[in-house]
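The values are calculated or read from the model by the stated rules, or taken from the named source; none is laboratory data. This one's a predicted model, so the numbers in the text were calculated from it and none came from an experiment. Here the Cβ positions follow ideal geometry from the backbone for every residue, glycine too, while neighbour counts run over all protein chains shown. Note: areas computed on protein heavy atoms with side chains; ligands, DNA, RNA excluded. Shrake-Rupley method; radii C 1.70, N 1.55, O 1.52, S 1.80 Å.
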Amino acid sequence: MRPLAQTVRHALRELGIDREVDRTEALRVWPAVSARHFGADASTTYAVRVEEHTLVVAVPTAEWGAEIRLHEGELVAAIARAAPRSGVRRIRSVPHDRSSAPS
């Protein structure tokens, strides 16, 4: 009998869901990656989704978007280390209003 984890991985692969699960790892690691790079202020940003190889991050201001673009290479490299199977190669920022941010 196969261990449960192996059976689940096989089922996800058969259904084609494994790639989506891998991509969502980038969402999970964004808070830690951004905090290491930008400090406590990074909590004003949050990962929204992954579109193909692009992590979409909600930011409160245009200045935050510019900072993310400026440091995109470093951030992508950090995401690749923390979530190597996510496949993230780019980061795109979008505006958010603070009332819709996750708590």
Taking region 28-50 and keeping only residues that are part of a helix (DSSP H, G or I) and either open to solvent by less than 70 Å² (accessible area, probe 1.4 Å) or of a type in the set (A, V, I, L, M, F, W, C) (or both), one is left with Val29, Trp30, Ala32, Val33, Ser34, Ala35, His37, Phe38, Ala40, Ala42, Thr44
Close pairs from region 11-27: first under 14 Å from Arg89 (Cα atoms), partner part of a helix (DSSP H, G or I) and at pLDDT 70 or above, Cβ under 7 Å, at least 6 apart: Ala26/Ile79
Which listed residue, of Val88, Val56, Val76, Val94, is β-branched (Val, Ile, Thr), loosely packed, with under 13 Cβ neighbours inside 10 Å and modelled with pLDDT of 95 or more: Val94
Exactly one of (1) open to solvent by less than 50 Å² (accessible area, probe 1.4 Å); (2) farther than 13 Å from Leu27 by Cβ is unmet by Arg69. Its number? (1)
